[in-house]
Amino acid sequence: MSYTFPKSAALFARAQRSIAGGVNSGIRKMEVPVPLYFDHGKGSRLFDVDGNEYIDFQIGQGAILYGHAPTGMADAIATQAHKGTHWAAQSELEIDVAERLQKMIPGAERVRFNNSATEVVLSALRLARAHTGRPMILKFEGHYHGWGDEGLVGYAPPPDQWGTEDDPTRLHPSKGVIPEVLSTFVVARWNDPAHLRQRVAEHHDQIAAIIFEPVLCNTGCMPPVAGMLETIRELCDENGIVMIADETITGFRFGAGCAQSYYGFTPDLTILGKAIGGGVPFAALVGKEKFFAKIMSGEVVHAGTLNANPLCLSAAKWCLDEVISLGDKHPASMIALGEQLKAGLSKLAAQHNIPLQPQGPGLVFHATMLKPGAPTGPITNYRDYALRQDAPRWAHLRRCLLEEGVRAIERGLWFISLAHTQADIDEALQRAALAFARHAADWKAI
Ligand SMILES: Cc1ncc(COP(=O)(O)O)c(C=O)c1O
């Protein structure tokens, strides 16, 4: 029996009379048949207001690495709440968290905190410009760095506007952006080291920073091809460019040392968000001391009323201790579970003749629905993804999965958390079998 959502539908109708568009982040409107309203969560499970239980692979867009409502974290936050929620001043907690980051991440010589990764991106790019005295930022097609004017340049242009292979567009998906911002960007295609060399050569003495997601998780799920990260490091070193790894998604998911330890590279600055706070609004910039010099001297402004808020710090301290306590077991066990889920979904897709191609390093992966006639095989860049992906068909399968109690991210991404177990994967695949069968039958009928 598949789920229905009458209470969520009623709440969404009510919300639209007060909240602009009914939601507080644009992407949440993508959830079909209706944006869901949740009552509570525990571990890998979420419960909506209609009493439906989900095995959750959306996990707060990746923030809930430790599962929903872990007792230790709830206790830490509650203890702090009784002592005070906000001082706009210092606490020992902020040093505790900063010192943990120093121990966990090679190259984290200095740290600053904010409340969202979007803000940290702003800081990192400002610092890079001030450090180098140069105006431009190089970023990659399909990479997402928050919703600010700078973070979304060239994010997901439609094929008829994406520019040439050599010179990808700087199109921004939002209206109202400061027009001059776009001209301070150079956009490159991901996973093409030779093309990157060419882009840097064209603008080398103007580029302050190269910013990137080490594993592109915001468009499909695309690990770096051999030589990609090495090429970024080499070009930054040769040209005095600041290398900025945006580990908002990969941070702590790939182990205590983040994707940079997992893949073996050392950026100059790193953006951390999501899992660092386990679901509270907390984010950090970490990196080598010399790149923080302009903040330390006061020449670069970095501020925020709620920065290093003690409630968030108490959660972050608990989260980092969790990761540290797992030692070398993390991320191997998450990868193993994710690979099983990927394999199970592939098997179901083959059984039902559904062109679904899961791709990614297991602990996070993207289930790409291929358009009729699109070639199979690894997808390595944004253009390849945009041309091959069948978004309407995925939306239909995603809805069938949701109605059977399996919740993936609206655009096709799946996250494994530390709370997922073997039993969760087995049950998710049993539920997915019903969803795939229904999708195969209904989709044919459309
Ligand atoms: C790679 C990356 N950078 C930055 C951000 C912005 O994070 P926030 O939504 O916390 O501002 C995100 C959010 O999804 C992200 O995935």
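Sequence gap of 8 or more, or different chains, plus Cα separation below 17 Å: how many lysine pairs satisfy both in region 71-328?
Numbers: 83/317; 103/288; 103/317; 274/317.
Lysine pairs meeting both conditions in region 71-328 amount to 4.
Over the chain, calculate the relative contact order: mean separation of alpha carbon pairs under 8 Å at least 6 apart, over the residue count, as a percent.
Values: 849 pairs, mean separation 93.8, N = 446.
For the chain, the relative contact order is 21 percent.
Who wins for biggest fluctuation among 375, 135, 223 in a Gaussian network model of the chain, springs between alpha carbons below 10 Å?
375
Once you put a point 7 Å from the Cα of residue 42 and another 7 Å from the Cα of residue 444, both along the Cβ direction, what distance in nm separates them?
With each label placed 7 Å out from Cα toward Cβ, I get 4.1 nm.
In terms of the Cα gyration tensor, with a ≥ b ≥ c the square roots of its eigenvalues, is region 267-324 rounded because a/c is under 1.5, prolate because a/b exceeds b/c, or oblate?
Working: a/c = 2.73, a/b = 1.57, b/c = 1.74.
Oblate, because a/c is 1.5 or more while a/b does not exceed b/c.
Where the only charges are on Cβ atoms (+1 Lys, Arg; -1 Asp, Glu), what is the dipole of region 71-328 about its Cα centre, to the nearest 20 debye? Display every interim value, and only then the final one.
Values: 21 positive and 31 negative charges, 95 e Å.
The dipole of region 71-328 has a size of about 460 debye.
Can you give me the distance in nm between label points at residue 206 and residue 238, each placed 7 Å from the Cα along the Cα-to-Cβ direction?
The modelled label-to-label distance comes out at 1.9 nm.
Please name whichever of 153, 257, 106 sits farthest to the positive end of the charge dipole of the chain, dipole taken about the Cα centre and charges placed at Cβ: Lys and Arg +1, Asp and Glu -1.
The residue sitting farthest along the positive end of the dipole is 153.
Based solely on its DSSP helices, what 222 nm [θ] is calculated for the chain when runs of n ≥ 4 H residues each add -39,500 (n - 2.57) and the sum is averaged over all residues, nearest 500 deg cm²/dmol? Mind showing how you got there, number by number?
Details: 14 runs with 170 residues, N = 446.
Computed mean residue ellipticity for the chain: -12000 deg cm²/dmol.
Whole angstrom only: what separates the Cα centroid of region 14-36 from the Cα centroid of region 123-155?
A separation of 29 Å, based on Cα centres.
At 0.36 nm per residue, minus the direct Cα-Cα distance, what do residue 226 and residue 423 gain on full extension? Give it in nm, one decimal, please. Walk me through the numbers on the way to the answer.
Numbers: separation 197, 0.36 × 197 = 70.92 nm, distance 3.49 nm.
Difference between extended and current length: 67.4 nm.
Hey, how many Å between the Cα centroid of region 51-73 and the Cα centroid of region 83-99?
So the two Cα centres are separated by 26 Å.
R0 = 35 Å: FRET efficiency of residue 174 with residue 83, Cβ-based, nearest 0.05?
On the way: r = 40 Å, r/R0 = 1.14.
Here the calculated transfer efficiency is 0.30.
Starting from the 7 Å offset along Cα-to-Cβ, what nm value, one decimal, do you get for the label separation of residue 332 and residue 15?
4.2 nm
Considering the options 207, 248, 232, tell which one lies farthest towards the positive end of the dipole of region 71-328, charges being +1 on Lys and Arg and -1 on Asp and Glu at the Cβ, about the Cα centre.
So the residue we want is 248.
Check each of the trypsin sites (Lys or Arg not before Pro) in region 85-176 and keep only those in coil by DSSP with at most 13 other C-beta atoms within 10 angstrom; list them in order. Can you show the working numbers first?
Numbers: sites: 100, 103, 110, 112, 126, 129, 139, 170, 175; in loops: 170, 175.
Here the sparse-neighbourhood loop sites are 175.
Test of the criteria: in region 1-50, which trypsin sites (Lys or Arg not before Pro) are in a DSSP loop and have at most 16 other Cβ atoms within 10 angstrom of their Cβ?
Working: sites: 7, 14, 17, 28, 29, 42, 45; in loops: 17.
Counting only loop positions with at most 16 other Cβ atoms within 10 Å, the trypsin sites (Lys or Arg not before Pro) in region 1-50 are 17.
Would you mind calculating the relative contact order of region 71-328 from Cα pairs under 8 angstrom and at least 6 residues apart, reporting the percent as a whole number?
On the way: 488 pairs, mean separation 76.3, N = 258.
In percent, rounded to a whole number, it is 30.
Computed over the Cα atoms, what is the radius of gyration of region 252-362 divided by 2.2 N^0.38 Å, N being its residue count? Don't jump to the answer; show the numbers that get you there.
Numbers: Rg = 18.9 Å, N = 111, 2.2 N^0.38 = 13.2 Å.
Scaled against compact globular proteins, the figure is 1.43.
Out of the chymotrypsin sites (Phe, Trp or Tyr not before Pro) in region 72-150, which ones are loop residues according to DSSP with at most 13 other C-beta atoms within 10 Å? Numbers along the way, then the final one.
Numbers: sites: 87, 113, 140, 144, 147; in loops: 87, 144, 147.
Filter output for region 72-150: 87.
For residue 7, which lysines qualify as cross-link partners when the Cα separation must be under 28 Å and same-chain residues fewer than eight apart are set aside?
29, 42
Report, in debye and to the nearest 20, how large the dipole of region 99-157 comes out about its Cα centre when Lys and Arg carry +1 and Asp and Glu carry -1 on their Cβ. Before the final figure, lay out the partial values.
Numbers: 8 positive and 6 negative charges, 50 e Å.
Roughly 240 debye for region 99-157.
Residue by residue through region 101-110, what is 3J(HN,Hα) from phi via Karplus (6.51 cos²θ - 1.76 cosθ + 1.60, θ = phi - 60°)? Round to whole Hz and write x for glycine and proline.
Taking θ as phi minus 60°, the curve returns 4, 4, 6, 7, 10, x, x, 8, 7, 9 Hz for region 101-110.
So, with +1 on the Cβ of K and R and -1 on the Cβ of D and E, and no other charges, what is the size of the charge dipole of the chain about its Cα centre, to the nearest 20 debye? It would help to have the intermediate numbers written out before the result.
Numbers: 42 positive and 47 negative charges, 171 e Å.
Computed about the Cα centre, the dipole is about 820 debye.
Computed from the coordinates by the stated procedures, all read-outs in this text should not be read as laboratory data. Quick caveat: nothing in here was measured; it's all calculated off a predicted structure. A quick note on method: Cβ atoms are made from the backbone with ideal geometry, for glycine too, and the neighbour counts reach across all protein chains shown.
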